[in-house]
Amino acid sequence: MGDMQKTAAKNKTMTTRTMAYTAMGAVVMVLCSWITVPGPVPFTLQTFAVFALCGLLGGKAATAAVGLYILLGAVGLPVYAGFQGGFGVLVGMLGGYILGFLMMTLVYWLVTGLFGHKMIVSAAGMLLGLLVCYAFGTAWFMVVYTGSKGSISLAATLGKCVIPFILPDLLKMGIALAVVKRAAPALNLQKN
């Protein structure tokens, strides 16, 4: 009986720890959304946060953290890029990319669930998740743009919403993988 109680207590501790890291992950998403890196095409650190959360917390907890972040913004808190918030942002032209962050975590969760948590698998899960985010966000942008401003071509959308962000996103992914390699052992989380 004593071993069962110790195991239950250990599982509860890990659950509590995972919930705490999930909440902190949502805060990291908010902070990274507010940081804008200037340049010819300014960008935020949102995708870095998603990559780092996936690698550090695992797919399940990262999905919960990003879901919480999206929910906080949907109810009106200014957690999105540019200190924006509200349901209108989610249904706006760039809302597909915000929802795409959740898809990134789900893809990562699926890939690592099937193939394990080796660094190459994590990198592949992150890259595949990013491609899904781009595809979903681009389709969403085109639908909303067409409905409000008129027709826009796929080439124009990619030129505006994807191509300028590919290199910065790949750099963010590389940095996130380096952070994960260093920090993951210290967090001692059960990834799933």
Cβ pairs under 9 Å, 6+ apart, first in segment 89-104 and of a type in the set (A, V, I, L, M, F, W, C), second assigned to a loop (DSSP other than H, G, I, E, B):
93/149
Please specify each residue of segment 107-126 satisfying the condition of being crowded, with 17+ Cβ neighbours inside 10 Å and within 18 Å of residue 48 (Cβ to Cβ).
107, 108, 122, 123, 125, 126
Give the residues of segment 25-54 that are in contact with a helix residue (DSSP H, G or I) (Cβ under 7 Å, 6 or more places away or on another chain), in a loop (DSSP other than H, G, I, E, B) and modelled with pLDDT under 95, sorted by residue number.
41
Residue 57 versus (1) farther than 20 Å from residue 178 by Cα; (2) modelled with pLDDT under 95; (3) in contact with a Gly (Cβ under 9 Å, 6 or more places away or on another chain): which is the lone unmet condition?
(1)
If I go through segment 144-192 residue by residue, how many of them are more than 30 Å from residue 58 (Cα to Cα), hydrophobic (A, V, I, L, M, F, W, C) and touching a residue at least 24 places away in the same chain (Cβ under 8 Å)?
1
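The values are calculated or read from the model by the stated rules, or taken from the named source; none is laboratory data. Model, not experiment: these values are computed from the prediction. Please note: Cβ atoms are built from the backbone with ideal geometry, for glycine as well, and neighbour counts cover all protein chains shown.
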